[in-house]
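Q: Take a look at this one; I'll ask things after.
The values are calculated or read from the model by the stated rules, or taken from the named source; none is laboratory data. Please read these numbers as outputs of a predicted model, since none were measured by experiment. Cβ placement follows ideal geometry from the backbone for every residue including glycine, while neighbour counts extend to all protein chains displayed. Ligands, DNA and RNA are stripped out before the accessible areas are found, and what is left, the full protein with its side chains, is counted by its heavy atoms. Shrake-Rupley method; radii C 1.70, N 1.55, O 1.52, S 1.80 Å.
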Amino acid sequence: MNLTLAICVYNAARYIEKTLQSVLAQTVDDFHLLIVNDCSTDHSVSVIESFFAGHPRQYELVNLEENRGICYARHFAERHVSTDFLMFLDSDDILLPDAIERMWAKIQSDADLIAVGCYLDYIDEAGQKIGGGLYIGEKEKAGFMAKAAAGKLIFMQPTAIYNRLEALRVGGYQIDGFPPGKPRYQDFCEDLDLWTRMSDLYAEGKAIVVLPQVLCHYRKGSGLSANSFYMLLKMRYTKCNVRRRRAGQGNMSFIEFYDSLSADELSGLKREAFAADALRSGVMSIKQGKIVKGALLVARSIIARPGYFIDKLKNNLLK
C-alpha cells in the first residue's frame, strides 16, 4: 500500500491511545504509520511507546526539536515520507474501521483523483456524539471542476487521502511568508489553503472529491473560540490568492496580504468572526438543550452582525 498515515501530536496524552486504537482497528493495515511529536510537554510520547509495546506493529516516531505548530509538522511529514499518498489524522480523532480502505479504494479507482475525503461526525471531549459534523465537499468530479474553474474555495475535511506528489507541486503545506511568533497564521485553515491550491490542477483534469459517508469522529470543544478571527483572515487570504492565480498573477505572501488591509476591513472581519462563532455556539447549545444560553449567544451574533444572521437564515435554515 503506497500510503502513509501521519499523526501530528502535541500534548495529546489524554486522547492519543483511543486514536491509535482506531488506527489498529482498520480493515487494512499495510500502510506506513508516522507519528510526528511537536515537542509535547505532557506524557504523550510515553503513552505512545507504551501503547505499541502492548500492540506491536510498524510505526515511526519523529520528535521535532522545536515546537512550531501543526502546519510545520505537516509540512515536515510531507517531505519526510516516501509514499506517493499521504493521510493526516488528528491526534484526538477516531477513525471508523473501514475509513482507510474506503478512501484508498476511491482514490485508486481514478487516476485523476488527487484527494479523497469523507464526512465526519462531531464528538465531545468524552468521545460522545454531540450532533452535527462536517458534511461538506463535492461528491462528484463535475461539481469540483465547476467550483475550481470559478475560483471557489475548496472546503473539505482534514481527514483525507491525497496525492503527496501533486500537493508538493503546488507547494504543499505552506510555512513561508507569515509573520514570526504567535499567532501562527499558517496553522489556521491550513487544509483549506492546501486543497484550494491543489484545485489549480483542475486545468489538467485533476479533481478532489469526498465520500458522502461518515468515516471519522472529529473531537470538538465547546464555547466561543478566540481563533475565529484568525481563521476568517486566513480564508480571505486564501480567496485572494486563488483569484490572483486565476487571473494569471502570482500569490501574495500572508504578510503582504495583511498589510494591504485597512483598519476598517480588519474591524469588519473581527465583527464577522464574532457573529459566526456566537451563532454557531448558540445553535450547538440549543441542540444540547441549553436554551437560554443558546438564545443569548444567537442574540449576541445578531447584534454584532445582523446581515450575517439573515444570510445564514436564508441559505441554511430556510432551505
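Q: Could you run through segment 272-301 and say how many residues are among the hydrophobic types (A, V, I, L, M, F, W, C) and open to solvent by 50 Å² or more (accessible area, probe 1.4 Å)?
A: Of the residues in that region, 7 qualify.
Q: So, in segment 239-255, of the ones that are over 24 Å from the mean Cα position of the chain (by Cα) and not polar (S, T, N, Q), which residue ends up nearest to residue 182 (Cα to Cα)?
A: Applying the first criterion (over 24 Å from the mean Cα position of the chain (by Cα)) to segment 239-255 yields 247-250.
Next, only the ones that are not polar (S, T, N, Q) stay: 247-248, 250.
On the way: 247: 32, 248: 32, 250: 26 Å.
Among residues in segment 239-255 that are over 24 Å from the mean Cα position of the chain (by Cα) and not polar (S, T, N, Q), the one nearest to residue 182 (Cα to Cα) is 250.
Residue-wise test of (1) among the β-branched types (Val, Ile, Thr); (2) touching a residue at least 24 places away in the same chain (Cβ under 8 Å); (3) within 21 Å of residue 122 (Cβ to Cβ).
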site: 136; (1), (2), (3): yes, yes, yes
site: 142; (1), (2), (3): no, no, no
site: 170; (1), (2), (3): yes, yes, no
site: 177; (1), (2), (3): no, yes, no
site: 184; (1), (2), (3): no, yes, no
site: 188; (1), (2), (3): no, yes, yes
site: 191; (1), (2), (3): no, yes, yes
site: 200; (1), (2), (3): no, yes, no
site: 210; (1), (2), (3): yes, yes, yes
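Q: Please work out which residue is farthest from residue 218 (Cα to Cα), limiting yourself to segment 82-114 and to residues that are assigned to a loop (DSSP other than H, G, I, E, B) and open to solvent by less than 10 Å² (accessible area, probe 1.4 Å).
A: Among residues in segment 82-114 that are assigned to a loop (DSSP other than H, G, I, E, B) and open to solvent by less than 10 Å² (accessible area, probe 1.4 Å), the one farthest from residue 218 (Cα to Cα) is 89.
Q: Now for a separate question. Any idea which of (1) of a type in the set (S, T, N, Q); (2) within 19 Å of residue 227 (Cβ to Cβ); (3) out of contact with any helix residue (DSSP H, G or I) (no Cβ under 9 Å at 6 or more places or on another chain); (4) at pLDDT below 85 is the one residue 315 doesn't satisfy?
A: (2)
Q: Please go through segment 130-145 and give me each residue that is under 21 Å from residue 280 (Cβ atoms) and in a loop (DSSP other than H, G, I, E, B), ordered by number.
A: Residues satisfying the conditions are 135, 136, 137.
Q: Moving on to the next point. In the set 172, 181, which member is part of a loop (DSSP other than H, G, I, E, B) and farther than 19 Å from residue 256 by Cα?
A: 172
Q: Every residue in segment 54-79 that is of a type in the set (S, T, N, Q) and over 10 Å from residue 36 (Cα atoms), please.
A: 58, 67
Q: Being at pLDDT 95 or above and either of a type in the set (A, V, I, L, M) or over 30 Å from residue 241 (Cβ atoms) (or both) is the requirement here; does residue 123 meet it?
A: no
Q: Something else now. Mind checking which residues of segment 228-271 are in a helix (DSSP H, G or I), within 20 Å of residue 305 (Cα to Cα) and open to solvent by 40 Å² or more (accessible area, probe 1.4 Å)?
A: Scanning segment 228-271 gives 230, 231, 235, 236, 263, 264, 265, 267, 270, 271.
Q: Now, a different point. Among the residues of segment 146-169 satisfying the criterion of being in a helix (DSSP H, G or I) and open to solvent by less than 50 Å² (accessible area, probe 1.4 Å), which is farthest from residue 85 (Cα to Cα)?
A: Of segment 146-169, the ones in a helix (DSSP H, G or I) are 146-149, 164-169.
Next, from what is left, pick out any that are open to solvent by less than 50 Å² (accessible area, probe 1.4 Å): 148, 164, 166-167.
Details: 148: 22, 164: 5, 166: 9, 167: 10 Å.
Taking the candidates together, the pick is 148.
Q: Got at least one residue in segment 194-211 being within 17 Å of the chain's Cα centre (by Cα), open to solvent by 10 Å² or more (accessible area, probe 1.4 Å) and over 19 Å from residue 238 (Cα atoms)?
A: Taking segment 194-211 first, the residues within 17 Å of the chain's Cα centre (by Cα) are 194-199, 208-211.
Of the ones still in play, those that are also open to solvent by 10 Å² or more (accessible area, probe 1.4 Å) are 197, 211.
Checking which are over 19 Å from residue 238 (Cα atoms) leaves us with 211.
Yes, segment 194-211 contains a residue that is within 17 Å of the chain's Cα centre (by Cα), open to solvent by 10 Å² or more (accessible area, probe 1.4 Å) and over 19 Å from residue 238 (Cα atoms).
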